[in-house]
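What follows is a set of notes on a single structure, which appears directly below.
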Amino acid sequence: MADVLALIAAFLFAVAATLQQKGALNLPKISLADPKSLVRLVGQTWWLFGTLALLAGYVFQAAALDRGRLSIIQPLLVTTVIFALPLGYFLTSQHVGRREVIGAIVIVIGLGLYAYFGDPAGGNDSAPNNEWAIAIGIVVAVSVILLILGRGGSLSVTAAAYGTVAGMLFGVSAALTPSTLDYLHESVGTMLSHWECYVLAVAGVLGFVLQQVSLGTGRLAPSVATVSVANPVVSILIGVLLLNETLSRPTWHIVVAVIGLGLALAGAVVISLAHEAAKDEAPAADAADAVATA
């Protein structure tokens, strides 16, 4: 059931990303330096529908994390990239070719290997506060560096940088979800008396805003791919290093599981690069047609 809920969440995240991008396509550049550009999104109907889909995805993701382990639920969200392909093709005229299809197949095979041979189990819902402080500090430092690097790059670089940071923040938010839900099961007051729910909210909101900047570049593939890769990577690291989640005990099982996860992430990158190649070829083709016509 947890796996099914995670896949439903991945589909809703793909719907959200596609609709939010569709709503932002006709707007001026979206930037953190211009808060009004973010406010303008609220007036876009497609963007609002996408946001509703995103909120629904969060609900299904939380339900999955409440029933399963972080180290298996989050990697399943990589399938967001697969779901985004047909949605992007029909709704925002994104290119879908042979390389995208191959990338999707690689993701499916990789996740299948990881889920079957990895079989994450055990672990805790939380960790000591000092360990959380170190982990969050590392995420913040890496995020700041990526945001600085992404500001002066091309649209693809900006989409990738902001998407990566958004994915990292979503990973932190997801890692804090189980403990927050445990407190909520006791009472709302208990949940509000612990720092986890506040950091979860801050990381989730910041991730949401940064994802809008990433999608606002018009580069759906690198945006979705980087979010879908960074999210599970951060989640798995936190799950294994902080929450003591373990993979299958036989060493060769772990090796196959890691290879499978690597294939899934590589598939997401292949889809991203294929989209960018198609975008670069399109202007060249248009220029060639214009010369021929002249």
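The values are calculated or read from the model by the stated rules, or taken from the named source; none is laboratory data. These numbers were taken from a predicted model, which means no experiment stands behind them. When we count neighbours, we look across all protein chains shown, and the Cβ atoms used for this are built from the backbone with ideal geometry, even at glycine.
Structure above, values below:
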{"read-out": "Condition broken by Ala56, with the remaining ones in (1) farther than 27 Å from Leu184 by Cβ; (2) at pLDDT 90 or above satisfied", "value": "(1)"}
{"read-out": "Whichever residue in the range 215-271 is of a type in the set (D, E, K, R) and crowded, with 19+ Cβ neighbours inside 10 Å and, among such residues, is modelled with the highest pLDDT", "value": "Glu245"}
{"read-out": "Odd one out for Val81 among (1) surrounded by fewer than 21 Cβ atoms within 10 Å (Cβ to Cβ); (2) touching a Ser or Thr at 6+ places or on another chain (Cβ under 6 Å); (3) of a type outside the set (Lys, Arg)", "value": "(1)"}
{"read-out": "Selected residue (only one of Val165, Val139 is of a type in the set (Val, Ile, Thr), buried (at least 17 other Cβ atoms within 10 Å of the Cβ) and under 21 Å from Leu215 (Cα atoms))", "value": "Val165"}
{"read-out": "From the options Asn130, Asn124, residue that is in contact (Cβ under 8 Å) with a residue 24 or more places away in the chain and at negative phi", "value": "Asn124"}
{"read-out": "Hey, Ala203 under 17 Å from the mean Cα position of the chain (by Cα), surrounded by 17 or more Cβ atoms within 10 Å (Cβ to Cβ) and either of a type outside the set (D, E, K, R) or more than 21 Å from Pro35 (Cα to Cα) (or both) or not", "value": "yes"}
{"read-out": "Residue within the range 105-117 that is closer than 16 Å to Val227 by Cα and touching a residue at least 60 places away in the same chain (Cβ under 8 Å) present", "value": "yes"}
{"read-out": "Total residues in the range 84-130, condition crowded, with 16+ Cβ neighbours inside 10 Å, part of a loop (DSSP other than H, G, I, E, B) and small (Gly, Ala, Ser)", "value": "3"}
{"read-out": "Scan of the range 240-268 for residues that are part of a helix (DSSP H, G or I), more than 17 Å from Leu111 (Cα to Cα) and either among the small types (Gly, Ala, Ser) or without any contact (Cβ under 8 Å) to a residue 40 or more places away in the chain (or both), ordered by number", "value": "Thr251"}
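Quick grid of which residues meet (1) within 19 Å of Ile138 (Cα to Cα); (2) free of Cβ contacts under 8 Å to residues at least 24 places away in the same chain:
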residue	(1), (2)
Gly152	no, yes
Leu155	no, no
Thr158	no, no
Thr164	yes, no
Tyr183	no, yes
Ser187	no, yes
Cys197	no, yes
Ala203	yes, no
